[in-house]
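The values are calculated or read from the model by the stated rules, or taken from the named source; none is laboratory data. Owing to the predicted nature of the structure, the values given are computational and were not obtained by experimental measurement. Glycine gets a Cβ as well: all are built from the backbone with ideal geometry, and neighbour counts include every protein chain shown.
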Amino acid sequence: MDFIGYSITFFVSWWLFLFMVLPLGVTTHSETDEEITDGIEVGSPVQANIKQKFWLTTKITIGFVMIVGVVDYLDLISIK
């Protein structure tokens, strides 16, 4: 695989891993004892921690692409 193949693998797998990481550690307004004011959806997260989830997703994806690179380099799985 060349650079473009690894870039596409990184991009697609980053989005897949992001959707897997997003629900981790989410507490909604309905799960807390806080007063819910007008305009706040009860199912919305209290604190989303998006920046931390982006970093975690990036680290997981880098590890995944490294594994894909090793498998490709050693030709462990042949699609030809």
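When the residues of region 51-80 are filtered to those that are more than 14 Å from Gly5 (Cβ to Cβ) and among the hydroxyl-bearing types (Ser, Thr, Tyr), the one that is modelled with the lowest pLDDT is Ser78.
In region 36-80, of all residues being over 24 Å from Val21 (Cβ atoms) and of a type in the set (Asp, Glu), the one that is surrounded by the most Cβ atoms within 10 Å (Cβ to Cβ) corresponds to Asp72.
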